[in-house]
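First up is the structure itself, then whatever we jot down about it.
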Amino acid sequence: MVACYDDFAWFYNLYWGEEFHSAAFPILDRIWLRRLPPGARILDVCCGTGLLAARLAARGFPVTGLDLSEEMIAFARSNAPAAGLLVADAAGFGLPAVFDAAVSTFDSLNHLTEPPALQAAFRNIAAALRPGSLLAFDMLLEEAYRTHWGESFALVRDDHLLTITGAAFDARSRMARAKVTMFRRLDGAWQRSDVTVAERCYSVEEISRSLALAGFGELLCYDAGDLGMAGQLGQGRTFFVATKLD
Ligand SMILES: C[S@@+](CC[C@H](N)C(=O)[O-])C[C@H]1O[C@@H](n2cnc3c(N)ncnc32)[C@H](O)[C@@H]1O
């Protein structure tokens, strides 16, 4: 499996994440964190640069984060030094059932573009959780892919620039893709890299079925906009909280 965030990690670490987590953390606090026992051991799946892991650790929770991208994990090591961190595929990891809660944020699970991979991720998370543990995650639904996904974005600085061009959502394949082109001046020379970020649009029914097959129940769904995540970040985004059954 190719970790497309490897090339993207420096940019992500500079610009992305803070705005999302400033809005997402109060939501997670309200729908999930307050329901956890003090000192709950938390697994952060697709933890990226560790911004959420750092916030959770600052609240006194022992956190383990995993991500497919070595470069994202390298930034997480400096952003969340108290967290345990490992490079692993959400669809292919195995950890003992020692965690009391799990989380996966910023539409990370939409990056699992094959339904069996999402199913495997839910199964692996369930296997790492004690019975009764709460899993919280957010995913983008069709509204997000049909509205702002296709919009372009560009950022130009003296020594780096980046453009993102989203392709129109393909309703037949359920796939959304965005092409990211980056230039960075390193040691006086410009370097170019191109990555394509691909996400799959799942329906709430597919997500709910997949969770049930993995051993989760008592699913709660919350529209991000209704919970105060303003603008494009919240549009078409749903937070889910599911309970690992006995
Ligand atoms: C949009 S970022 C979100 C990162 C982090 N959760 C956050 O909230 O800032 C998506 C992350 O998912 C990771 N990812 C994508 N596919 C993955 C997989 N199969 N297994 C583990 N991590 C994956 C990427 O490397 C990237 O760090």
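Overview of results
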read-out	value
Flag for M175 being over 19 Å from I125 (Cα atoms), touching a residue at least 60 places away in the same chain (Cβ under 8 Å) and in the same structural domain as F106 (by TED's automatic domain parsing)	no
Residue count for region 79-91, restricted to those that are out of contact with any helix residue (DSSP H, G or I) (no Cβ under 7 Å at 6 or more places or on another chain) and either under 17 Å from L68 (Cα atoms) or part of a helix (DSSP H, G or I) (or both)	4
When residues of region 210-246 are limited to those that are touching a Lys or Arg at 6+ places or on another chain (Cβ under 7 Å) and among the small types (G, A, S), the one surrounded by the fewest Cβ atoms within 10 Å (Cβ to Cβ)	G215
Qualifying positions in region 12-53 - within 12 Å of the ligand (Cβ to nearest atom), assigned to a helix (DSSP H, G or I) and of a type outside the set (G, A, S)	Y12, N13, Y15, E18, E19, F20, H21, F25, L28, L51, L52
Residue list for region 95-134, filter: within 12 Å of the ligand (Cβ to nearest atom) and on the phi > 0 side of the Ramachandran plot	F106, D107
G84 away from the ligand (no atom under 14 Å from the Cβ), assigned by TED's automatic domain parsing to the domain that holds L233 and closer than 26 Å to D7 by Cβ	yes
Members of region 54-70 that are in a loop (DSSP other than H, G, I, E, B) and within 11 Å of the ligand (Cβ to nearest atom)	L68, S69
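The values are calculated or read from the model by the stated rules, or taken from the named source; none is laboratory data. None of these values were measured; they are calculated from a predicted model. Here Cβ is always computed from backbone atoms with ideal geometry, including for glycine, and neighbour counts include all displayed protein chains.
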